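The values are calculated or read from the model by the stated rules, or taken from the named source; none is laboratory data. These figures come from a predicted structure and were not determined experimentally. Note that we place each Cβ from the backbone using ideal geometry, even for glycine, and neighbour counts take in every protein chain shown. Heavy atoms of the whole protein, side chains included, go into the accessibility calculation; ligands, DNA and RNA do not. Shrake-Rupley method; radii C 1.70, N 1.55, O 1.52, S 1.80 Å.
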Amino acid sequence: MPLKLYNTLSRKKEVFKPISKVKINFFVCGPTVYDYSHLGHAKTYVQFDMIVKYLRFREYKVNYLQNITDIDDKIIKRANESGENWKKVSKEYEKFYKEDMKALGIDSVRRYASATDHIKEIISQVRRLIKKGYAYKISDGWYFDLKKDKDYGKLAGRTSLGAEDSVSRIDENKGKRNPGDFCLWKFSKPGEPVWKAEIGDGRPGWHIEDTAITEKEFGPQYDIHGGGIDLIFPHHEAEIAQMESISGKKPMVRYWMHTDFLKMNKEKMSKSLGNFKTIRDLLKNHKKSTIRYLFASTHYRKPIEFSEEALENAKNSVERLKNLVSELKDDKKTNQKYLEEFQKEVDDDVNLPNGLAVLWTLLRDKDAKGKLKTVEKIDRVFCFDLLKREKEGITKEVRKLVNQREKLRKQKNFLEADNIRHKINNLGFIIEDTEKGVVVKRK
Ligand SMILES: [Zn+2]
């Protein structure tokens, strides 16, 4: 059974065929580092983390690249408000972002690439667009002329004439040829960050950094580009326009993958709407495994409604999984039947919720062999740390009490045994007497 991916460009599931047998080049839009990341970002990055980990489970070598937008109007605004240097602001929030990602168990990214480390490549792209007649200059910078690109709109299913609604606040200028034309290179105003350039001293527009970075790292064509669905238009559409106009090679990207929103009170979680929770705040009271379970239990192309109740359910599910795993005996082999079943389900456009269902069935299957090794392998995709409990949890003190209680029960001294049970409870653990013996769990 082949792996299939839903491609936003063709609007259907396609059999995945990488460009090269050696490795898959995979790019996901990273953050603009001007504030703390919220849970909406966490959904995108956790889901892509699991997608990449699944590709690695399928033994593909994935070269996962993310950009860091460390120069942007929002950063400059933030720096002006706080009276700090823009570079200090972006460096600080980049550090926070990476800490948050680590805390969420996101360790699949091979390389982070900052916009400000690619100014030379960005200028080179703008120059090539100018030379080929796709770019024009007005008072505040160089713009991409949408009329010159007949393909514009193919990703989002719009035409260049319908691009007016995409006019972002940062690219407004009355001198533009078409309302949807986007800025490639901005001439810096006094006091703004500036880079010397023959095309005029200035700073990069938003969309051009991605194509400059991916062209340098991957070349003009690569396998997979991911991001949240709100980036399809105009951001990803603009990327296609830039890169395909420069190189003349199509498609720039073979498979476009987009994750749907995290919602809160039925609206997209976003900073501008004010209905957001930062990743940091949430991690104060919740484990990463809870958050990862929440994002694994709904398909990445569907929205998730965030609530405390949803988190609580996710937390309980992870606990139940851990309890089932804690009872497993060591075995040397994996269960091939279940591994194949897992792969068959997840191969359908990285259907992790169905994969999760296979994991549950495996753990509830009394006759299945090789459970522990199989769970270990599957959990490399989810990273719920299902096998970690033994190492982190039960202390020597608790184990001693459990053994004491066992002795007392054998002597039929149930009263004293029950006292010890209370002591164990007070230490934060519960014990269950099962057919196979005593099971100790964290409360
Ligand atoms: Zn991007």
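Stretched out fully, how many nm does the piece from residue 330 to residue 415 gain, at 0.36 nm a residue minus the Cα gap?
Answer, rounded to one decimal: 27.2 nm.
Over the chain, with the other protein chains present, what is the accessible area per residue in square angstrom, probe 1.4 angstrom? Numbers along the way, then the final one.
Working: 21690 Å² over 443 residues.
Result: 49 Å² of accessible area for each residue.
I need the shape label for the chain. Rule: rounded when a/c is under 1.5, else prolate if a/b > b/c, else oblate, with a, b, c from the alpha carbon gyration tensor.
On the way: a/c = 2.95, a/b = 2.03, b/c = 1.45.
It comes out prolate by the Cα gyration axes.
Of 23/186; 23/120; 53/147; 17/132; 12/87; 87/137, which pairs sit farther than 30 Å apart, going by alpha carbon to alpha carbon?
Result: 23/186; 53/147; 17/132; 12/87 exceed 30 Å.
Quick check on the stretch 1-81: take the gyration tensor over C-alpha atoms, sort the square-rooted eigenvalues as a ≥ b ≥ c, and tell me if it's rounded (a/c under 1.5), prolate or oblate.
Cα axes put the stretch 1-81 in the prolate bin.
Test of understanding: in a Gaussian network model of the chain with alpha carbons linked when under 10 Å, which of 135, 368, 241 would top the mean-square fluctuation ranking?
Among 135, 368, 241, the largest mean-square fluctuation in the Gaussian network model of the chain belongs to 368.
For the stretch 305-443, report the % of Cα-Cα distances exceeding 18 Å. Working shown, then result.
Numbers: 6019 of 9591 pairs.
The answer is 63 percent, as a whole percent.
To the nearest 20 Debye, how big is the dipole of the chain about its Cα centre, given +1 on the beta carbon of each Lys and Arg and -1 on that of each Asp and Glu?
The calculation lands at about 1360 debye.
Ranking request for peptides 410-416, 35-41: highest mean number of other beta-carbon atoms within 10 Å first, then the rest in descending order. Walk me through the numbers on the way to the answer.
Values: 410-416: 10.7, 35-41: 21.1.
With the highest mean Cβ count within 10 Å placed first, the list reads 35-41, 410-416.
Give the ranking of 261, 27 by solvent-accessible surface, highest area first, calculated with a 1.4 Å probe. Can you show the working numbers first?
Working: 261 50, 27 0 Å².
The ranking, largest first, comes out as 261, 27.
When DSSP assigns beta bridges and you keep just the ones with both residues in the chain, what percent turn out antiparallel, to the nearest 5?
50
Going from most exposed to least, what order do 130, 68 have by accessible area with a 1.4 Å probe?
From most exposed to least exposed: 130, 68.
Per the 1.4 Å probe, what fraction of the accessible area of the chain, in percent, lies on carbon and sulfur atoms?
49
Only helical DSSP H runs with n ≥ 4 go in: add -39500 (n - 2.57) per run for the chain, normalise by residue count and round the 222 nm mean residue ellipticity to 500 deg cm²/dmol. Don't skip to the end; give the middle numbers.
Values: 15 runs with 187 residues, N = 443.
Mean residue ellipticity, 222 nm, calculated: -13000 deg cm²/dmol.
Rank-order 371-384, 4-17 by packing density, defined as the average count of other C-beta atoms within 10 Å over each peptide's residues, highest first.
Put in order of decreasing packing, that is 371-384, 4-17.
Using 0.36 nm per residue, how much length does the chain from residue 307 to residue 131 gain when fully extended, once their Cα-Cα distance is taken away? Walk me through the numbers before you get to the answer.
Numbers: separation 176, 0.36 × 176 = 63.36 nm, distance 5.19 nm.
So the extension gain works out to 58.2 nm.
So if I take the alpha carbon set of the stretch 59-203, get Rg, then get Rh from the Kirkwood formula, what is the Rg over Rh ratio? List each step's numbers first, then the result.
On the way: Rg = 17.7 Å, Rh = 17.5 Å.
Dividing the radius of gyration by the Kirkwood radius yields 1.01.
Quick one: what are the phi-derived ³J(HN,Hα) couplings along the stretch 346-355, Karplus 6.51/-1.76/1.60 with θ = phi - 60°, whole Hz, x for glycine and proline?
My calculation for the stretch 346-355 gives 6, 4, 7, 6, 6, 7, 5, x, 5, x Hz in order.
What's the extension gain from residue 397 to residue 369 if we count 0.36 nm per residue and subtract their Cα-Cα distance?
6.8 nm
Only Cα pairs under 8 Å and at least 6 apart count here; give the relative contact order of the chain as a rounded whole percent. Don't skip to the end; give the middle numbers.
Working: 681 pairs, mean separation 71.9, N = 443.
Normalised by residue count, the contact order of the chain is 16 percent.
With N set to the residue count of the stretch 174-230, report its C-alpha Rg divided by 2.2 N^0.38 Å to two decimal places.
Relative to the rule-of-thumb radius for its length, the stretch 174-230 sits at 1.41.
Which shape class, rounded, prolate or oblate, goes with the stretch 202-357 when its Cα gyration tensor gives a ≥ b ≥ c as root eigenvalues, a/c under 1.5 marks rounded, and past that a/b bigger than b/c marks prolate?
Oblate, since a/c reaches 1.5 and b/c is not below a/b.
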